[in-house]
1. Name the pairs whose Cβ atoms lie under 7 Å apart, with the first residue in region 19-41 and of a type in the set (D, E, K, R), the second surrounded by 10 or more Cβ atoms within 10 Å (Cβ to Cβ), and 6 or more positions between them or separate chains?
2. Condition first: of a type in the set (D, E, K, R) and out of contact with any helix residue (DSSP H, G or I) (no Cβ under 9 Å at 6 or more places or on another chain). Now tell me which residues in the chain satisfy that.
3. Looking at (1) among the small types (Gly, Ala, Ser); (2) in contact with an Asp or Glu (Cβ under 9 Å, 6 or more places away or on another chain); (3) outside any loop (DSSP other than H, G, I, E, B), find the lone condition where Ala4 falls short.
Amino acid sequence: MNSADYLPQSKRLLDQVREVLRYKHYSLNTEQAYLYWIRFL
């Protein structure tokens with residue numbers, strides 16, 4: 001399966017972002033930074 005084919009199961013945007021980042025094995029610090037950018041910028 002191609003990583004672009006992954007569809008998050010959650011309905012909330014931030015939860016979808018978390019799912020995709022964890023699926024792609026991003027670090028926890030990267031995940032937190034991306035979620036911060038989405039919330040506050």
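No lab work stands behind these numbers, since they all come straight from the coordinates. Note that this is a predicted model, so its numbers are computed, not measured. With ideal geometry, Cβ positions are generated from the backbone for all residues, glycine too; neighbour counts draw on all protein chains shown.
1. Matching pairs, first to second residue: Glu19/Pro8; Glu19/Ser10; Glu31/Arg18; Glu31/Leu21.
2. Asp5, Lys11, Arg12, Asp15, Glu19 - these are the residues of the chain that are of a type in the set (D, E, K, R) and out of contact with any helix residue (DSSP H, G or I) (no Cβ under 9 Å at 6 or more places or on another chain).
3. (2)
Conditions tested, residue by residue: (1) surrounded by fewer than 10 Cβ atoms within 10 Å (Cβ to Cβ); (2) assigned to a helix (DSSP H, G or I).
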| site | (1), (2) |
| --- | --- |
| Pro8 | no, no |
| Gln16 | no, yes |
| Arg22 | no, yes |
| Asn29 | yes, yes |
| Ile38 | no, yes |
